[in-house]
Amino acid sequence: MSPMTAQVAPDVPPPPEAFNFAQHLLALNAGRAERPAFIDDAGTLSYGQLADRARRLATGLRALGVKREERVLLLMQDVSDWPVAFLGALYAGVVPVAVNTLLTADDYAYMLEHSRAQAVLVSGAVLPALKLALTKSDHEVHKVIVSRPVAPLDVGEIAFDAFVQAQPPMAQAATTHADDAAFWLYSSGSTGRPKGTVHTHANAYWTAELYGKGILGLRQSDVCFSAAKLFFAYGLGNALTFPLSVGATVLLMAERPTPDATFKRLTGGVGGAGGEGRPSGVRPTVFYGAPTGFAGMLASPALPGREAVALRLVSSAGEALPAEIGERFKRHFGVDIVDGIGSTEMLHIFMSNRPDKVRYGTTGWPVPGYEVELRGDQGQPVADGEPGDLFIQGPSAATMYWGNRVKTRETFQGGWTKSGDKYVKNADGTYTYCGRSDDMLKVSGVYVSPFEVEATLVQHPAVLEAAVIGVADADGLTKTKAYVVLKAGSQASDAELKAFVKDKLAPYKYPRQIEFVDDLPKTATGKIQRFKLREREAGQ
């Protein structure tokens, strides 16, 4: 069988050559002025209010002297001001650079210089870190616009609401091209500086058409809630691009997506620090999470019952979903988790299970409109059942990493994008995740997928999560070692877990060493940072 899975492009018309994505979304919802677009802990923003405020913000940015194609840093928590800022910038032809609110001042200092941001839109809660970053960087910022300030503002700072209300709505969107730079997202690279990933106005359109509508089948009647934040590629599609493309409502949460905070939103309770403005009784019908979050939810004693939620669709990405977690979730809530894989470089999910066709333990099939190919170490196609490097071809690929030609050429190879993941293709056309290319292990001359061993360990009733790396034995040969986090109040021995894995996998795959730990190092999206465990092991 061919290692390439070529998909017939669905019958989706391309956007016109002159295309502004913000204008496109606002026009789609012009007849829904009174319908709720975003609900956060402070209240509701209707589609009419969203359009008005975004167009006013667009005028304000241009009045500050921010020119088309120049960048502004978007450093805001998930509240309704975020989509106003993002869409307002796009409407003006200005490029928002959406960044993680959990980073350090040094990270922000680098991003300010790298992006040459002319202004910053920032949440009051994150303002102290930004102020420190401004003192550390050779920046070009001349105005800081603060959403929901928590302290008196300094010179050069202005409150977001006052800034928006002081402007007239921009009469007409900037005439941008479908292939013009629309926004940046910084990749969460495991090593080195984050890379400024440049996406076009058309890219967001394609993800909405091919995945939000084509696979998930979102509806205007849906209430969407994403644990992944808007500054992530996954969260941006979940909580802005997809729902606004069909006129749905989005529930936003500024705080961290702990199990308790997530349960409050799923069950329609009013909660969250700082406000009681969100109407009670609003229960999401669509929930987007990640494997780490689902594991934490299922392990929580506060897990709500099936009747307490209104879920019809649940999505997972960020890291491959262990089959055991998906099956337990389905048994409890009566709804499948639709697992897929996307990336910052491809903007959203390009391979996925289907709501009506889930194969737990796999990442499903390529999304129509995308092609995937598995390649060996020398770039040659690999046979079905053999692990290979995953390459993707599709219309939502980023154009480049800003100012990084070497990394751009490594990742964007002609029409193909190198994912950095290893997969195997199964007989039924699905694909199974093996791990990051730099995480794969060769034990006794045979590839071992860390993810496969981890997914087996978490099937044990005492195990919450696990991470597997390779360590050298006394003879210098690579063997597997597992770091294991047990569920609260549970116990398991080293020998018990080894025997459990041996019973389910080929004998050479079982972890020769097991170390019990309180937690695992992860990225902000919940991906396990195995390289940090390797560094820890090397230090020992």
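At a glance:
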quantity	calculated
Residue within the range 451-471 that is loosely packed, with under 13 Cβ neighbours inside 10 Å and farther than 20 Å from L374 by Cβ present	yes
Sole exception among (1) free of Cβ contacts under 8 Å to residues at least 60 places away in the same chain; (2) assigned to a loop (DSSP other than H, G, I, E, B) for D384, by number	(1)
Selected residue (criterion: surrounded by the fewest Cβ atoms within 10 Å (Cβ to Cβ)) from residues of the range 21-41 that are in contact with a Gly (Cβ under 7 Å, 6 or more places away or on another chain), at pLDDT 95 or above and under 17 Å from V223 (Cβ atoms)	E34
Selection within the range 131-157 - over 30 Å from the mean Cα position of the chain (by Cα) and either among the aliphatic types (A, V, I, L, M) or on the phi > 0 side of the Ramachandran plot (or both)	A151, L153, V155, G156
Meets criteria (open to solvent by less than 30 Å² (accessible area, probe 1.4 Å) and either over 17 Å from D428 (Cα atoms) or more than 25 Å from the chain's Cα centre (by Cα) (or both)) for L390	yes
Pairs, first closer than 30 Å to A85 by Cβ in the range 1-26, second open to solvent by 70 Å² or more (accessible area, probe 1.4 Å) and at pLDDT 95 or above, C-beta under 7 Å, six or more apart	A18/T175
Considering residues of the range 393-448 that are charged (D, E, K, R) and crowded, with 19+ Cβ neighbours inside 10 Å only, the residue farthest from S343 (Cα to Cα)	K425
Members of the range 419-437 found to be modelled with pLDDT of 90 or more and assigned to a loop (DSSP other than H, G, I, E, B), listed by number	N426, A427, D428, G429, T430
Given (1) touching a Pro at 6+ places or on another chain (Cβ under 8 Å); (2) of a type in the set (A, V, I, L, M, F, W, C); (3) crowded, with 24+ Cβ neighbours inside 10 Å, number of the condition L45 does not satisfy	(3)
Filter pass, A488 being modelled with pLDDT of 85 or more, open to solvent by 70 Å² or more (accessible area, probe 1.4 Å), small (G, A, S) and at negative phi	yes
Elements of type strands (runs of 3 or more DSSP E) contained in the range 438-540, each with 3 or more residues being hydrophobic (A, V, I, L, M, F, W, C) and touching an Asp or Glu at 6+ places or on another chain (Cβ under 6 Å)	463-472
Check on D11, open to solvent by 30 Å² or more (accessible area, probe 1.4 Å), more than 30 Å from T135 (Cα to Cα), outside any helix (DSSP H, G or I) and acidic (D, E)	yes
Filter result (surrounded by fewer than 18 Cβ atoms within 10 Å (Cβ to Cβ), assigned to a loop (DSSP other than H, G, I, E, B) and modelled with pLDDT of 95 or more) within the range 155-179	A166, P168, P169, A171, Q172, T175, D179
Residue in the range 472-481 that is more than 23 Å from Q540 (Cα to Cα) and surrounded by fewer than 23 Cβ atoms within 10 Å (Cβ to Cβ) present	no
Selection count where residues are touching a strand residue (DSSP E or B) at 6+ places or on another chain (Cβ under 8 Å), of a type outside the set (K, R) and over 15 Å from G470 (Cβ atoms), scope the range 502-528	6
Pair list, Cβ under 9 Å, 6 or more apart: the range 285-296 residue over 17 Å from N238 (Cα atoms) and of a type in the set (S, T, Y), other residue surrounded by fewer than 24 Cβ atoms within 10 Å (Cβ to Cβ) and at pLDDT below 90	T292/E319; T292/K522; T292/T525; T292/G526; T292/K527
Pairs, first of a type in the set (S, T, Y) in the range 116-129, second at pLDDT 95 or above and part of a helix (DSSP H, G or I), C-beta under 6 Å, six or more apart	none
Scope the range 230-248; condition assigned to a loop (DSSP other than H, G, I, E, B), within 14 Å of T344 (Cβ to Cβ) and either open to solvent by less than 10 Å² (accessible area, probe 1.4 Å) or among the basic types (K, R) (or both); matching residues	L230
In the range 343-374, the residues that are surrounded by fewer than 24 Cβ atoms within 10 Å (Cβ to Cβ), part of a strand (DSSP E or B) and not hydrophobic (A, V, I, L, M, F, W, C)	R354, K357, P366, E371, E373
Qualifying residues in the range 201-229 (those that are of a type in the set (A, V, I, L, M, F, W, C) and part of a helix (DSSP H, G or I)) - the one nearest to N353 (Cα to Cα)	L210
Residue under evaluation L61, criteria (1) modelled with pLDDT of 95 or more; (2) in contact with a helix residue (DSSP H, G or I) (Cβ under 8 Å, 6 or more places away or on another chain); (3) open to solvent by 50 Å² or more (accessible area, probe 1.4 Å), criterion not met	(3)
Condition met for V84 (part of a helix (DSSP H, G or I) and in contact with a Gly (Cβ under 7 Å, 6 or more places away or on another chain))	no
Qualifying residue in the range 317-324 (condition: modelled with pLDDT under 95, open to solvent by less than 50 Å² (accessible area, probe 1.4 Å) and part of a helix (DSSP H, G or I))	yes
Identity of the residue in the range 209-241, within 19 Å of R312 (Cβ to Cβ) and basic (K, R), that ends up nearest to the chain's Cα centre (by Cα)	K213
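The values are calculated or read from the model by the stated rules, or taken from the named source; none is laboratory data. Keep in mind that this is a model prediction, so the values were computed, not measured. Note: ideal-geometry Cβ built from the backbone for every residue, glycine included; neighbour counts use all protein chains shown. Surface accessibility is based on the protein's heavy atoms, side chains included, excluding ligands, DNA and RNA. Shrake-Rupley method; radii C 1.70, N 1.55, O 1.52, S 1.80 Å.
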